[in-house]
Amino acid sequence: MKWSAVLTIPLFASLLTGCNLPKDKANKIGVPYRSQENFNYCAAASVQMWRAFDGLTAVSQQAIFNWMSNYYPACGSNQLGVEAAVRNFTSSGHDAFWDHGPDTDYEAMISRQITSMDSRVPVITVVNYDHTGVLNGGKWHQEGNFNVWDFVYFHDPALYSNVQYSATDWMREFCPGFWGSCDQILSYNASRAWQYNLQTYGSAVEPAGGGLDPRGDWPPAY
């Protein structure tokens, strides 16, 4: 699949429905940032961030990693283990599920992703095929008859908080289009309006493109 800089296609609808993420504003849902404490603790750090977002008592990354290792002893961070850990260690993710699909289904997956953001509930996404982090919001604006999705904020436990990706770059990170699948862990209730959102608003939404975008939060906040 080949991505263009600006795509006029029916997706990313939920920017517009709940009105929790107003236009022309860099919206952050308030996920506390945690860096990974070991080379293979990215999933554990992501679950830890979600738990901190829910205001629950602290649990160490090692404890989360060890708990997830029951699902995949080699690394403790396969998607089923992350799904189970979010259900076990968070409250807003008590109904978490592993959302997995082919890259041809990216429209639906990103609609579920942004619907959850509009509900102000975190999403753990798999990027670069084997690395996880947490979405923390983004920005959109109106331009003529279109609503332009500008960028997302991504807490990367191996880098820093609120890494800013333009919408088109984010699609490449999340659904590269040549590997064959996309993966995320998200709340069913927080994302359940995705289909209505996509059908109702998607044709009016465009993703902006063009490189890592440092607007609004640079240097990154720790």
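Of TRP140, TRP98, TRP149, all but one fail to be of a type in the set (Phe, Trp, Tyr), in contact with a strand residue (DSSP E or B) (Cβ under 8 Å, 6 or more places away or on another chain) and under 17 Å from ILE64 (Cβ atoms); the exception is TRP98. Looking across segment 61-82, the residues that are out of contact with any helix residue (DSSP H, G or I) (no Cβ under 6 Å at 6 or more places or on another chain) and at pLDDT 95 or above come down to GLN62, ALA63. Against the criterion of being crowded, with 17+ Cβ neighbours inside 10 Å, part of a helix (DSSP H, G or I), at negative phi and modelled with pLDDT under 95, TRP50 does not qualify.
Answer yes if at least one residue in segment 173-195 is surrounded by 14 or more Cβ atoms within 10 Å (Cβ to Cβ), part of a loop (DSSP other than H, G, I, E, B), modelled with pLDDT under 85 and under 16 Å from the mean Cα position of the chain (by Cα), and no otherwise. The answer is yes; a qualifying residue exists.
So, GLY93, is that one in a loop (DSSP other than H, G, I, E, B) and touching a helix residue (DSSP H, G or I) at 6+ places or on another chain (Cβ under 6 Å) or not? It is true that GLY93 is in a loop (DSSP other than H, G, I, E, B) and touching a helix residue (DSSP H, G or I) at 6+ places or on another chain (Cβ under 6 Å). Taken over segment 122-151, residues that are out of contact with any Phe, Trp or Tyr (no Cβ under 7 Å at 6 or more places or on another chain) and of a type outside the set (A, V, I, L, M) amount to 10.
On the given criteria, is SER111 buried (at least 18 other Cβ atoms within 10 Å of the Cβ) and at pLDDT below 95? Yes: the conditions hold for SER111. One residue alone among ALA58, ALA43 is assigned to a loop (DSSP other than H, G, I, E, B) and either at pLDDT 95 or above or within 14 Å of GLY133 (Cα to Cα) (or both), and that residue is ALA58. The set of residues from segment 105-134 being out of contact with any Gly (no Cβ under 9 Å at 6 or more places or on another chain) and either under 17 Å from ALA208 (Cβ atoms) or in a helix (DSSP H, G or I) (or both) comprises ASP105, ILE110, ARG112, GLN113, SER116. Scanning segment 143-172 for residues that are surrounded by fewer than 19 Cβ atoms within 10 Å (Cβ to Cβ) and within 16 Å of TYR129 (Cβ to Cβ) yields ALA158, ARG172. With respect to PRO157, determine if the residue is in contact with a Cys (Cβ under 9 Å, 6 or more places away or on another chain) and within 22 Å of PHE89 (Cβ to Cβ). When the stated conditions are applied, PRO157 passes them.
Against the definition (under 9 Å from the mean Cα position of the chain (by Cα), surrounded by 23 or more Cβ atoms within 10 Å (Cβ to Cβ) and under 18 Å from VAL47 (Cα atoms)), how does THR125 come out, yes or no? It is true that THR125 is under 9 Å from the mean Cα position of the chain (by Cα), surrounded by 23 or more Cβ atoms within 10 Å (Cβ to Cβ) and under 18 Å from VAL47 (Cα atoms).
Screening the candidates SER60, SER69, SER116, SER91 for the property of being at negative phi and within 17 Å of the chain's Cα centre (by Cα) yields one hit, SER116.
Right, SER166: touching a residue at least 60 places away in the same chain (Cβ under 8 Å), farther than 17 Å from GLN36 by Cβ and of a type in the set (Ser, Thr, Tyr) or not? Criteria not met by SER166.
Just give me the residues in segment 128-142 being among the polar types (S, T, N, Q) and buried (at least 24 other Cβ atoms within 10 Å of the Cβ), in sequence order.
If the condition is that a residue be among the polar types (S, T, N, Q) and buried (at least 24 other Cβ atoms within 10 Å of the Cβ), then THR132, ASN136 are the ones that fit.
The values are calculated or read from the model by the stated rules, or taken from the named source; none is laboratory data. Keep in mind the model is a prediction, meaning the values are calculated, not measured. So basically every Cβ, Gly included, is an ideal-geometry build from the backbone, and we count neighbours across all protein chains shown.
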